[in-house]
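Structure, as structure tokens:
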Amino acid sequence: MGITMTQTLHLADLAATEQFASAVARALRPGDVILLTGDLGAGKTTFTQGLARGLGIEANITSPTFVLVRHHDHPGNGPNLVHVDAYRLSGEDELTSLDLETSLDNSVIVIEWGRGMAEALASSHLDIEFQRPGATTDQLITDFSDTNVDEHRTAVVTGYGPRWEGITII
Ligand SMILES: Nc1ncnc2c1ncn2[C@@H]1O[C@H](COP(=O)(O)OP(=O)(O)OP(=O)(O)O)[C@@H](O)[C@H]1O
Ligand SMILES: [Mg+2]
């Protein structure tokens, strides 16, 4: 599956991440797969919350770390949202056992830590990597209420497969 688009976006603050998530939501159709990568606290779940809002899904999106997968139904005609956390999955076999293919007809599937595991799910996918400045182990953020915590993020967006050819997110 070849690269068909790339975009690097600078997200100055939470509002910018929210805008980015809305823009992705506008581009999405049922059957789309998004793989999210990035350090702890980089913004994968925050992005997914914005994406849900952008799709018109009012559910409370939390990190599905201990649940592996959460299904959020769309209240109207839009696609449902399937939110997966692959961090603790042992590999592709366990991902297959989640039976995500059956949701593809009427859902978009977002997989945190899905890179390297979920590529076979569909003929195309969008890979988004969030980068946080100073995200090294000696600079772990422990107090998110600290007003000095840098809100700056970078999102590297890479489209694989025919679905993303010629698409510009923002
Ligand atoms: N521009 C920004 N974009 C996203 N999150 C931001 C931004 N600025 C600050 N934050 C904060 O960074 C944190 C991101 O946490 P989040 O749970 O989304 O990360 P994650 O990548 O899902 O981490 P994990 O790997 O632990 O699941 C939140 O507390 C959020 O408020
Ligand atoms: Mg998360």
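What to note about this one:
- With respect to the conditions (1) at pLDDT 95 or above; (2) open to solvent by less than 70 Å² (accessible area, probe 1.4 Å); (3) more than 17 Å from the chain's Cα centre (by Cα), HIS125 lacks only one, and its number is (3).
- Only a single item in (1) closer than 24 Å to ALA25 by Cα; (2) part of a helix (DSSP H, G or I); (3) of a type in the set (S, T, N, Q); (4) open to solvent by 30 Å² or more (accessible area, probe 1.4 Å) is not met by THR96, and it is number (1).
- Residue match in segment 33-44 (condition: under 16 Å from GLY114 (Cβ atoms), near ligand 1 (Cβ under 9 Å from one of its atoms) and in a helix (DSSP H, G or I)): yes
- Of the listed requirements (1) within 12 Å of ligand 1 (Cβ to nearest atom); (2) modelled with pLDDT of 95 or more, ARG132 misses just one: (2).
- Segment 58-70, residues that are more than 16 Å from SER107 (Cα to Cα) and open to solvent by 10 Å² or more (accessible area, probe 1.4 Å): ASN60, THR62, SER63, THR65, PHE66, VAL67, LEU68
- In segment 108-120 there is no residue matching the filter, namely being modelled with pLDDT of 95 or more, open to solvent by 10 Å² or more (accessible area, probe 1.4 Å), under 11 Å from the mean Cα position of the chain (by Cα) and within 12 Å of ligand 2 (Cβ to nearest atom).
- Search result, residues across segment 15-57 that are farther than 16 Å from ILE170 by Cα, open to solvent by 60 Å² or more (accessible area, probe 1.4 Å) and either of a type in the set (A, V, I, L, M, F, W, C) or touching a residue at least 60 places away in the same chain (Cβ under 8 Å) (or both): ARG29, PRO30, ASP39, LEU40
- Tally, over segment 77-93, of residues that are within 15 Å of ALA25 (Cα to Cα) and open to solvent by 10 Å² or more (accessible area, probe 1.4 Å): 4
- Within segment 83-100, considering residues that are touching a strand residue (DSSP E or B) at 6+ places or on another chain (Cβ under 8 Å) and within 16 Å of ligand 1 (Cβ to nearest atom), the one farthest from GLY56 (Cα to Cα): TYR87
The values are calculated or read from the model by the stated rules, or taken from the named source; none is laboratory data. Just so it is clear, the model here is predicted, and its values are computed rather than measured. Neighbour counts are summed over all protein chains in view; Cβ atoms, including those assigned to glycine, are modelled from backbone coordinates with ideal geometry. Just the protein is used for accessible areas: all its heavy atoms, side chains included, with ligands, DNA and RNA removed. Shrake-Rupley method; radii C 1.70, N 1.55, O 1.52, S 1.80 Å.
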